[in-house]
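This report concerns only the one structure given below.
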Amino acid sequence: MTVTLHKHLPQKHRDICPCEVMTCEHCEEKIERRFFNTHTEFECTCRAVECEYCREEIEFWRKKVCHLEIFILVFHLLIIN
């Protein structure tokens, strides 16, 4: 359920209202202000995380495919040997 603030509310209130819907600049998902910090830190698929293999900063969604080609090659070599 999305809460829409009406234009008649003072700008000061709209700037701090926890129900104000904001857009994540990374994934463009619409989130209420009260959930925004949790979204950007823990839920956003485009948040920056460290790759556990190369220690480079990557987007969360890339984490599963960051070095997939290496794993496929290693797996293939293990099967052959």
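The values are calculated or read from the model by the stated rules, or taken from the named source; none is laboratory data. Computed from a predicted model, the values in this text were never measured in an experiment. With ideal geometry, Cβ positions are generated from the backbone for all residues, glycine too; neighbour counts draw on all protein chains shown.
At a glance:
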| item | result |
| --- | --- |
| Subset of the range 14-39 (residues that are in contact with a Lys or Arg (Cβ under 7 Å, 6 or more places away or on another chain) and closer than 23 Å to GLU59 by Cα) | MET22, THR23, HIS26 |
| Residue within the range 46-54 that is of a type in the set (Val, Ile, Thr), part of a strand (DSSP E or B), in contact with a Phe, Trp or Tyr (Cβ under 6 Å, 6 or more places away or on another chain) and modelled with pLDDT of 85 or more present | yes |
| ILE31 being of a type in the set (A, V, I, L, M) and modelled with pLDDT of 95 or more | yes |
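Table: residues versus (1) under 20 Å from the mean Cα position of the chain (by Cα); (2) surrounded by 12 or more Cβ atoms within 10 Å (Cβ to Cβ); (3) aliphatic (A, V, I, L, M).
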| residue | (1), (2), (3) |
| --- | --- |
| LYS12 | no, no, no |
| ASP15 | no, no, no |
| GLU20 | yes, yes, no |
| CYS24 | yes, yes, no |
| LYS30 | yes, no, no |
| PHE35 | yes, yes, no |
| CYS51 | yes, yes, no |
| VAL74 | no, no, yes |
